[in-house]
Every structure is written in C-alpha cells, then in structure tokens.
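Please read the structure below before turning to the comments.
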Amino acid sequence: MKNLLIRFSLLCLVLATVSCSKDDSKSSFTPKMASIDVSKIAPAAMETSNPEAYSLLTQMSGFMAMPSAYMHNPNSKTGTTSGTWTSGDYTITYTYGDDGTQYTFSYIGTNPQGQECFNISGWENMDGSAGSWDYSINTSVLGNPDGGNYNVSFDWNTNDQGGYHFDMSFDMGDFGYHYVMNTFENYAGNISISYGNPLVPTDYIEWTATGGTWTDFTTDPDTVTEWVNN
C-alpha cells in the first residue's frame, strides 16, 4: 500500500491556503457540481471496510470543494446576474448569465491589496445534463512568492445508468493529479487516478453496495485488494 500521508498533507496545505468563510444566505445560482458528497456516491460501510480506498474518493472531493465556498451569490447583497461581495478576506466579483440552454458563470477573488488570488469560470446545461468549470489559484499572492498558479479543471455529464461521469485535473506545477470517476445507481462506481509529472496511473477502484476492488499500480507487482462491506 502506498503512504497516503504526503498526498493528504499537500491537500490540507492547499485547502488551508485558499479557504475562507462562506456566506450562508440564499443563493440565486450555484453550479450543480461545486462539490461531490462522497456519502452519496459510495456506501457508508466502505469507509470502515476499506478506509484507504475510501480516502482516495474523499481526496477528489476535497479538491473539488476548494472553489465551492466562493460559488454563492447572496441575494441580499448583489443582483442575480452580477455583483460584488466580501467572503472572508476576499472580495468576490461575480457574473452570471444564460442563453436559454446553458448557464455561464465567473467568480474573481481579490485580496485587500486588489491582487487577484483566484478565479473560477464555467458553464452548465440548464437541464442538468453536463457542465464544466476551471479554477485557478495564484499561490504567489497567497503566501508562496516562488509559486505559480494551481489550476483545476472539471468536466461532468450524466450517464444513462442513473449517475455521472466526472473528469478532473489538478495541475500543481511540478506535478499533478487526474481523476476519472463514474457513478451509478445503488452506490456503485469506479475511479481511476493518475499522479506525477508526467502523469502515470496510480490507482483504480471499483465499488458496489456490497464491496469492491482496489488496484494499486505503484507497487511491483500491482497490489490488488478486495473487500466486503461490513
């Protein structure tokens, strides 16, 4: 089994760097896939039956959750199609529109010095069938003077089996992650993960309501772990 500590430490570092308090007032529009709730795509028993495999699902969820705190347009503070509000230490400039078939949206976050810290832009079909967003984090402004931008791109669409297809890339400059996940009815799904620079496959996990299989490609030979949900 690979040591997950390094990967989760990096995730926690990025989350701590860019996190802010979320305005909890009612939103006029929030992208449907701002984040993934792992509890709704995998059986709860997976968390105890194979916590390492389950943690890889939460890793993707964590990366997706980073921009979700900013994807809220408080009606009490702005209009429904554009506006500016404060979230934590950031000023969020927001624009939104639709052409009758798709929503489009953009969020730009600046610090008190007026420097752009992050931006989010994307689109979503109004029928809820597909969408996409890109999220760029300026790490040089957020405390790492030698850093560049971290870039997350996320695409999704519904499938004909009652679930979703997700494709997410996280470019951290020197290395990156690539996740491809499919979810189906009855808490079934699969995820493939690649990591590094260049990207190489590291994990493939399949699960159902009753159990699953995790293949770890970082060992020689590959390590295949099967489990039954308790």
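The values are calculated or read from the model by the stated rules, or taken from the named source; none is laboratory data. All figures in this text were calculated on a predicted structure; none of them were measured in a lab. Ligands, DNA and RNA are stripped out before the accessible areas are found, and what is left, the full protein with its side chains, is counted by its heavy atoms. Shrake-Rupley method; radii C 1.70, N 1.55, O 1.52, S 1.80 Å.
Can you pull the percent of segment 149-230's accessible area that's carbon plus sulfur, 1.4 Å probe, other chains left in place?
About 47 percent, which is the carbon plus sulfur part of the accessible surface.
Quick one: 3J(HN,Hα) in Hz for segment 200-211, Karplus 6.51/-1.76/1.60 with θ = phi - 60°, rounded, Gly and Pro as x.
Each residue of segment 200-211 in turn: 9, x, 10, 8, 9, 10, 10, 9, 9, 5, 9, x Hz.
If you take the Cα atoms of segment 86-126, find Rg, then find the Kirkwood Rh from the mean of 1/r over all pairs, what is Rg/Rh? Mind dumping the intermediate values first?
On the way: Rg = 12.3 Å, Rh = 11.0 Å.
My calculation of the ratio gives 1.12.
Please compute, over every Cα-Cα pair in segment 136-226, the percentage with a separation greater than 20 angstrom.
For segment 136-226, the fraction of Cα-Cα distances above 20 Å is 50 percent.
Using a 1.4 angstrom probe, figure out how much accessible area segment 144-185 has per residue, in square angstrom, rounded to the nearest whole.
On a per-residue basis, 47 Å².
In whole Å, what three semi-axes, largest first, describe the equivalent ellipsoid of segment 71-181 built from its Cα gyration tensor (square root of 5 times each eigenvalue)?
Working from the Cα gyration tensor, I get semi-axes of 26, 22, 9 Å.
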